[in-house]
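These notes concern the structure reproduced below.
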Amino acid sequence: MIDIASASLKIVWIAVGAIVLFILTKLVKKAARRTLEKMDESLENIEFEENFYVLTNKILSILSIVVFVIYVAYIFGMTDIFFAFITGASVFGLAIGIATKDIINNIISGIIIFSTNTVKFGDRIVVDVKYKGVVRDIKLRNIVLETEDGNRLILPSSFLLSKSLEIVKSE
């Protein structure tokens with residue numbers, strides 16, 4: 001027999017949890033957007049594309065849905081499902097981390113390049129003795145060089161930090 005008072009109380013807690021989670025998600029999304037915009041302003045030559053903001057919003061939305069599902073499972077006392085979900089999410093997170101390792105490495109390397117002013121626009125550089133050119137664009141994930149014959153060479157940010165770098169002169 002189902003206890004109506006207990007079921008009603010669970011539904012109320014789910015509703016309260018949903019409202020609180022919705023408000024928290026909105027606040028975190030706004031804070032993340034403001035933080036990214038401040039980073040965009042403080043790092044002189046970096047520009048976050050709108051896709052980056054959209055991706056951040058989608059990730060935060062997915063995380064809030066996952067938290068809500070876990071919360072509902074916990075309210076209904078489904079601890080086995082709760083722990084299975086946590087285990088599955090951990091394995092999924094590990095797979096995503098391994099799959100995006102190079103992208104994350106390039107983004108972190110790009111932040112290091114920007115924050116240390118390793119190279120600047122117009123610098124004539126030689127990377128790993130064989131890649132030569134003038135820096136024409138600096139992004140989080142890569143550096144664009146213009147070679148002597150006018151071609152564009154795109155080097156990943158992590159490559160730039162892991163190889164020898166000679167800054168010949170600035171234009």
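The values are calculated or read from the model by the stated rules, or taken from the named source; none is laboratory data. All values reported here derive from a predicted model rather than from experimental measurement. Cβ atoms come from the backbone with ideal geometry, glycine included; neighbour counts cover every protein chain shown. The protein model used for the area step is the full one, side chains on, heavy atoms only, and it has no ligands, DNA or RNA in it. Shrake-Rupley method; radii C 1.70, N 1.55, O 1.52, S 1.80 Å.
Please verify whether GLY122 is surrounded by 14 or more Cβ atoms within 10 Å (Cβ to Cβ), modelled with pLDDT of 85 or more and touching a Ser or Thr at 6+ places or on another chain (Cβ under 6 Å), treating the condition exactly as stated. Full working, then the answer.
Values: surrounded by 14 or more Cβ atoms within 10 Å (Cβ to Cβ): no; modelled with pLDDT of 85 or more: yes; touching a Ser or Thr at 6+ places or on another chain (Cβ under 6 Å): yes.
Criteria not met by GLY122.
Determine whether ASN45 is modelled with pLDDT of 80 or more, open to solvent by less than 80 Å² (accessible area, probe 1.4 Å) and closer than 30 Å to LYS163 by Cα. Can you show your working first?
Values: modelled with pLDDT of 80 or more: no; open to solvent by less than 80 Å² (accessible area, probe 1.4 Å): yes; closer than 30 Å to LYS163 by Cα: yes.
No, not satisfied.
The set of residues from the range 95-119 being farther than 11 Å from LEU161 by Cα and in contact with a strand residue (DSSP E or B) (Cβ under 9 Å, 6 or more places away or on another chain) comprises ASP102, PHE114.
Mind checking which residues of the range 140-171 are within 18 Å of GLY110 (Cα to Cα) and either among the polar types (S, T, N, Q) or open to solvent by 90 Å² or more (accessible area, probe 1.4 Å) (or both)? If you could, list the steps in order and put the result at the bottom.
Residues of the range 140-171 that are within 18 Å of GLY110 (Cα to Cα), as a first pass: 140-145, 153-167.
Residues satisfying the conditions are ARG141, ASN142, ILE154, SER157, SER158, SER162, SER164, GLU166.
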